[in-house]
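Student: I have a structure I would like to understand better, so I am pasting it below and will then ask my questions one at a time.
The values are calculated or read from the model by the stated rules, or taken from the named source; none is laboratory data. Just so you know, these numbers come straight off a predicted model, no measurement behind them. Here the Cβ positions follow ideal geometry from the backbone for every residue, glycine too, while neighbour counts run over all protein chains shown. Heavy atoms of the whole protein, side chains included, go into the accessibility calculation; ligands, DNA and RNA do not. Shrake-Rupley method; radii C 1.70, N 1.55, O 1.52, S 1.80 Å.
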There are 2 protein chains.
Amino acid sequence: MKNKRNIILYDTTLRDGAQAEGVSFSWADKIRIALQLDRLGIDYIEGGWPGSNPKDMAFFTKIRKKKLTNAKIVAFGSTRRAGKKVRNDRNVITLLKAQTPAIAVFGKSSTLHVKDILRTSPGENLRMISDTVAYLKSRGREVIYDAEHFFDGYKEDSSYALKTLRAAEEAGADYLVLCDTNGGSLPEEIMAVTEAVRAKFNTALGIHAHNDGGLGVAVSLAGVRAGAIMVQGTINGYGERCGNANLSTIIPNLVLKMNIPCLSRRQLKLLEETSRFVDELANIRPNFRAPFVGRSAFAHKGGMHVNAVQKNPKSFEHIDPALVGNRRRILVSELAGKSNVMLKAIEFGINLEKETPETRKILRELKRLGSEGYEFEGADASFQILIQKALGKHKAFFELEGFRVIVEKRKNGRPVSEATIKLKVDGSKEHSAAEGEGPVHALDKALRKALRPFYPQIAKVHLADYKVRVLDASAGTAAKVRVLIESRDDDDIWGTVGVSENIIEASWQALVDSVDYKLLKDRKKRRRR
Amino acid sequence: MKNKRNIILYDTTLRDGAQAEGVSFSWADKIRIALQLDRLGIDYIEGGWPGSNPKDMAFFTKIRKKKLTNAKIVAFGSTRRAGKKVRNDRNVITLLKAQTPAIAVFGKSSTLHVKDILRTSPGENLRMISDTVAYLKSRGREVIYDAEHFFDGYKEDSSYALKTLRAAEEAGADYLVLCDTNGGSLPEEIMAVTEAVRAKFNTALGIHAHNDGGLGVAVSLAGVRAGAIMVQGTINGYGERCGNANLSTIIPNLVLKMNIPCLSRRQLKLLEETSRFVDELANIRPNFRAPFVGRSAFAHKGGMHVNAVQKNPKSFEHIDPALVGNRRRILVSELAGKSNVMLKAIEFGINLEKETPETRKILRELKRLGSEGYEFEGADASFQILIQKALGKHKAFFELEGFRVIVEKRKNGRPVSEATIKLKVDGSKEHSAAEGEGPVHALDKALRKALRPFYPQIAKVHLADYKVRVLDASAGTAAKVRVLIESRDDDDIWGTVGVSENIIEASWQALVDSVDYKLLKDRKKRRRR
C-alpha cells in the first residue's frame, strides 16, 4: 500500500503524448502500452479524448475487458461548450460513454484564453467548469480537473485564475491539476504559485508541465516540493512541441533522489524496458542520451572515466543503472550482462540456470544479433523462439525451398504483386502462388496458402501492425532495416522482429517467427488440456 | 560592454562535448565550430585537452591564426600528477604549449576520488591543486579552476571539499567552477551548496552541470540564482552519458526568462542556426523536440491548438520563435482545417487567398488524400508539390513507362533484389536496371541511373530516413502503408510521403516526390541567381 505522503503518477502518453509530431498509435498499440504502464505501476492512465476521434473510443471499449492491477483508466475532454446545457453537450456525453472510473476535464484559467480563444465571458467560463465537474460527479465519476494555462493565467490575473479552481473545487473535483501548458515557466515561479494555491485550497493538487524551456522535469519536481501530490507526464516526454514532462525521468528522481516510493524497487526496474517498448510501438527512434533509460545513460567513453568506473562505479555514475533496468556500457569493449538475459528469460517464464552452457549460448547469440541490429523489446515472441533455438528445443514447422516476389508497374497504373513459394512439411512439398496488395502481402498469402493444408489454425492469425526502422540512416536506401510485426489471434497479441538490408527478407524473418510462435503456443495449449 | 551582473558563457562542446557517444570532430570541424561560437557571442571556448591527443594540439595551433571577436580560447587539463614537480609535469607543459590566454585545470574535490581513483593523500591533492594553479598564473595565464565532483565531494566531506577550493583561490585562480560531474544532484542541493560557497569565497564562481537526472539546465540556472557568474555547457547538450548542461537551452532561459543579457538580441537569433550547424558537423541527427531550437519546438498539430495559435500565437507559444532564429510550423494532418492549409502555404511562400477556387481545390485534394492515409506533417516537400499540382503549375520532370522489381530467395540464402525501369525525359527514352540490397534500394538505384544523364544533380540527394506505417491494422498484410522518406542534399532536408497497399508503390511515390522537389528547388535557385 502506498502511504499518504506518496505521489500519484498520472500518465498521458496515450493522449497528450499522441499529439507529438510523428507519433500516432493504433488502438492495439494503445492497449499494449496501457497494459505495460499498469505493470510499471502507474496510477492513472489517460487513454484518449473519446469525443475527438473514434479510434480513442475503440480503445476505451477494448480496455474494459482487460484486467488492470494498478491503474485506473481516464477519459479526457473539455468542459461543456459555452451556452450549451451540460447534459446535451456532445463532448460530455461521449466522456460518459467511455465508461471509465475517472474523467479528466480541462477548463480555461486564463482571461486571455477566455476572451481570445473561447470568445465567451469570464462568468460563463466559470459556469462551464462548475456545471461539467458537478455533472460528471453526479454520474459517479472521479473527476480530475486540469486547469489549462494555469500559471500563465495566474500571472495575468491571479484572482480570476483562482476563481476557476474554486469553481472546480466547489463542484466536487477530486484533483485540481495546475498546468504549465506552454511549458515556459521557471521552477521557482511554479513553486511560488503552487504554494500560494496550496495555502488556499483543500483539494489535492496535481502538476502538469511541458518542456518548452527544457525544464519540464524540474518544474514537475518543484510542483511536488510545493505540495502537489499528482504528477502528470508521458513516457519519454512525448507531447506537442518539445513534449510533456518526462515521466521516465521524473519517476526515478522521485524514488531515488527524493525518496518518494511512488513505485516499488521491483517496478522501477521495468522503467528502461517500458521506455523502449513505447518508442518501439510509436516507431520513434529512442533518445540514446535520455536520463536513466537511454542507451548512453551509463555509457563511458573517456579512457579516464572507464578506468575510474572500473575502480569504483560511483566515481562516474550517479545511481546504479540496474535500479532502473538499465546497464553500464563501456564503449570501447561492449559488455553484455548475463543477468540481463536471465532477467529477460525469467520475464518470459523461462527458467535459466546462471552458469550453464545454455545461458552462455543464449548470451552469445543475443550479442551477435544485437550487434546486427535486432532488438527484442517489442518482439518478445522472437526472443522466446531464440531461446528455444539456443536450448535446442526448437523444431522447425516447415522448411523453405525458396520464394520469389515480383512487383510490376506500367505507366501510372496500379502495380501488381505476385509471390511464389516452395516449401516442405514432413517430407511433403507445397508450391503455391499468390497475388497481393503489395509484396509482403503476396508473400504472406503464399506462405499461408502453402501451410494451411498442414496447419489450419494459421487462418486465425492476423497481422496487426507492421513497422520498419532504418538502422543506419547514412547508408540511404541500402541501409539495414528492422521490421517489427505485431500479430494477433483471438486470444493474444505478439511481436516478432526481422533485420536485413532487404525489407522483404526482414519481413520474411518476422513472418516466420510469427507463424512459429503461433504454432508453438497452440501446441503447448493442446498439451495443457 | 557587458555589465557586472552579467553571466559569462563558457562552452565546452569541443572538449567535454566530444566525449559524447557517436561524436567525433576533426580539427577542421573544431575550427569551424569555434568560429561559429564566437559569432554567437560565447565568452570562453574550451578547445580540447592538448595533453591527451595530437588532434587537440592541432586545433590550438590553427585557431591562433583566426581573429575572434568575442571569445577567449581555453586549453583544458588536469593538475600535476601526484609526487611530480609541476614544471616537469608533461600535462602542464603541453597546457602551456597550447598558448591560449586562459587555461582550465580540474582537480579532485572528493575524498572518494582522492583515495580510490588518484590513490594519493588528501594533503598531496591540495598541493597538486595549489602548485598547478600558481605555476600557470606565474606564466601569465588566466586560470579557471574546475572543482570536479564538487557537489558529491561536499556531501561526503564538506570541510575537505572547501579546502580544495581554498587551495585554488589562494594560488590565484580567477574562477572556481563547481562541477556536478555525475549529473545526479537536484537543483535545490546545488543552490544550497553554491550559496554556502559564495558566502565563504571572494573568487568568481562558475557552475558546470551534467544531465544524468534530466536536470542539467535547471541545475545551471539554480547555480546562477545562487551567485555563480559563469555557466559551462555544450551546444545541444553533447557530452558523456546523458550529456552536459545544454547551452542551447540555458542561453535563451537566461536572456528571455531571467532577463540576463548574456547575448544581444541579434546574437540570440543565431542560436537555432548554431545548434543545427554543430549537429551537422558532428553528424548527429538533430533532436526535433529540443527546446527553443528544435524543428518541433514551435510545431502545432492538434486542430484546436492550430486554431488558437492563429487567433493569438501567445496561446500556445511561450516565446516568439523568431527570437532564437526558429519558426512556427503548422503540421498538416488529416484533421486540418482551412486555416492549417492557409498557414502552411504562407510558410512555403505561396500566397493563397482565403476563398478562391484554388484554396478550395487544395483543401478538397488534401481531404481526399487525408482520407486515403496521406499525412503531410513530416512531408513538407510532398505538400508543396501537391499545391503546385492543384494550382496547375506542376510540370513533370520525367514520364514513367514502367518498372519491375524482383526479390528472390533460395533456401536460407541471401535474397537477391533487382529492379528495371523504363522512362522518358523530353522524348528520350531510358531503360536501366540495378541490383540493390533490397527492392526499394534497387528501384532507387535504377531510377537515379535512368535520370542521371538528364539531371546530374540527383547524385547529391541522399535518403536520410525511411519510415513505414501500416494504416489499417485490421487489414493485415493487405493494409495500406504510408512511407515517409527524408532526403538530404548539401543544403536542405525534406520529407516526402507515399501511400499504397503496396510498399514498393508507396516508396515509389515518395521517391518521385523527393526527386521532383530537388529539381524544382534547384530550378528556383538558378532563377534567383
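Student: Please work out whether segment B:390-447 counts as rounded, prolate or oblate from its C-alpha gyration tensor, where a ≥ b ≥ c are the square roots of the eigenvalues and a/c under 1.5 means rounded, while otherwise a/b larger than b/c means prolate and anything else oblate?
Tutor: It comes out prolate by the Cα gyration axes.
Student: Can you work out the accessible area per residue across the protein assembly as shown, with the rest of the protein chains kept in place, probe 1.4 Å, in square angstrom?
Tutor: It amounts to 39 Å² per residue over the protein assembly as shown.
Student: Give the aspartates and glutamates reachable from B:Lys518 as a straight Cα distance under 14 Å; neighbours fewer than 8 places away on the same chain don't count.
Tutor: The reachable aspartates and glutamates, counting only those whose Cα sits under 14 Å from B:Lys518, are B:Asp380, B:Glu486, B:Asp489, B:Asp490, B:Asp491, B:Asp492.
Student: Total accessible area buried between chains B and A, 1.4 Å probe, in Å² to the nearest 100?
Tutor: Result for this pair: about 9300 Å² buried.
Student: May I ask you to evaluate 6.51 cos²θ - 1.76 cosθ + 1.60, the Karplus curve with θ = phi - 60°, for each residue of segment B:71-79 and list the ³J(HN,Hα) values in order in whole Hz, giving x for glycine and proline?
Tutor: 9, 9, 8, 10, 9, 10, x, 8, 5
Student: While we're looking at this one, here's another question. What is the packing order of peptides B:446-458, B:82-94, taking the mean over residues of other C-beta atoms within 10 Å and listing the highest first?
Tutor: B:446-458, B:82-94
Student: List the aspartates and glutamates whose alpha-carbon lies under 18 Å from that of B:Lys163, not counting same-chain residues fewer than 8 positions away?
Tutor: In chain and number order, the partners are B:Glu124, B:Asp131, B:Asp146, B:Glu148, B:Asp152, B:Asp174, B:Asp180, B:Glu195.
Student: Let me cross-check A:Ile350: its accessible surface, 1.4 Å probe, with only protein heavy atoms counted, in Å² to the nearest 10?
Tutor: 30
Student: Taking only the Cα atoms of segment A:57-211, how large is their convex hull per residue, in Å³?
Tutor: 123
Student: Once the dipole of chain B is set up with Lys and Arg at +1 and Asp and Glu at -1 on Cβ about the Cα centre, which of B:Ala196, B:Ile63, B:Thr356 lies farthest towards its positive end?
Tutor: Of the candidates, B:Ile63 comes out farthest on the positive side.
Student: Mind checking the mean number of beta-carbon atoms from other chains within 10 Å of the Cβ atoms in A:13-23?
Tutor: Shielding by partners across A:13-23 averages 4.
Student: Here's something else I'd like to know. Counting only GluC sites (Glu not before Pro) that are in a DSSP loop and have at most 11 other C-beta atoms within 10 Å, tell me the longest site-free stretch of chain B.
Tutor: B:1-352
Student: In whole Å, what are the Cα extents of segment A:92-165 along the three principal axes, biggest one first?
Tutor: Per principal axis, max minus min of the Cα coordinates gives 37, 20, 16 Å.
Student: Rounded to whole Hz and in sequence order, give me ³J(HN,Hα) for segment A:518-527 from the Karplus expression 6.51 cos²θ - 1.76 cosθ + 1.60, θ = phi - 60°, writing x for Gly and Pro.
Tutor: Coupling constants for segment A:518-527: 4, 5, 4, 5, 5, 5, 4, 5, 4, 5 Hz.
Student: At what distance in angstrom do the alpha carbon centres of segment B:263-281 and segment A:59-132 lie from each other?
Tutor: The two parts, judged by their Cα centres, are 41 Å apart.
Student: Lys/Arg Cβ at +1, Asp/Glu Cβ at -1, dipole of the protein assembly as shown taken about the Cα centre: which of A:Ala134, B:Gly183, B:Gly427 is farthest positive-ward?
Tutor: Of A:Ala134, B:Gly183, B:Gly427, it is B:Gly427.
Student: Using a simple charge model, +1 on the beta-carbon of Lys and Arg, -1 on the beta-carbon of Asp and Glu, nothing else, what dipole does the protein assembly as shown show about its Cα centre, in debye to the nearest 20?
Tutor: The dipole magnitude comes to about 900 debye.
Student: Follow-up question, since we're still on this one. Keeping every protein chain in place, order B:Ser130, B:Ser507 by accessible area at 1.4 Å, biggest value first, i.e. largest first.
Tutor: Highest to lowest solvent-accessible surface, that is B:Ser130, B:Ser507.
Student: What shape does the protein assembly as shown have by the C-alpha gyration tensor, where a ≥ b ≥ c are the square roots of the eigenvalues, rounded means a/c under 1.5, and otherwise prolate means a/b greater than b/c and oblate the rest?
Tutor: rounded
Student: Let me ask something else about it. Please give the helix A:54-63 orientation as an angle from the longest Cα principal axis of chain A, in degrees from 0 to 90, rounded to the nearest 10.
Tutor: So the inclination is approximately 80 degrees.
Student: With a cut-off of 8 Å between alpha carbons and a minimum separation of six or more residues, what is the relative contact order of chain A in percent?
Tutor: Contact order relative to length: 9 percent.
Student: Sticking with this structure for a sec: So how strong a dipole does segment B:67-165 carry about its Cα centre when Lys and Arg Cβ are +1 and Asp and Glu Cβ are -1, to the nearest 20 debye?
Tutor: So the dipole magnitude of segment B:67-165 works out to roughly 580 debye.
Student: Choose one of B:Ile8, B:Pro122, B:Leu96: the residue whose Cα lies farthest towards the positive end of the charge dipole of segment B:1-153 (beta-carbon charges +1 Lys, Arg; -1 Asp, Glu; about the Cα centre).
Tutor: B:Leu96
Student: Still on this model: Classify segment A:222-294 from the C-alpha gyration tensor, please: rounded if a/c falls under 1.5, else prolate or oblate depending on whether a/b exceeds b/c.
Tutor: Note, shape of segment A:222-294 comes out oblate.
Student: If you don't mind, there's one more thing I want to ask. Taking the Cα centre of chain A as origin and charging only Cβ (+1 Lys, Arg; -1 Asp, Glu), how large is the dipole, in debye to the nearest 20?
Tutor: Here the size comes out at about 1580 debye.
Student: Under the definition of partner shielding as Cβ atoms of other protein chains within 10 Å of a residue Cβ, what is the mean value for peptide A:453-465?
Tutor: Partner Cβ neighbours, averaged per residue: 2.
Student: Need one value for A:409-422: mean number of C-beta atoms belonging to other chains within 10 Å of its residues' C-beta atoms.
Tutor: 4
Student: Need the list of lysines near B:Lys62 for cross-linking: C-alpha distance under 21 angstrom, and skip anything on the same chain fewer than eight residues off.
Tutor: Cα-Cα hits under 21 Å: B:Lys30, B:Lys72, B:Lys97.
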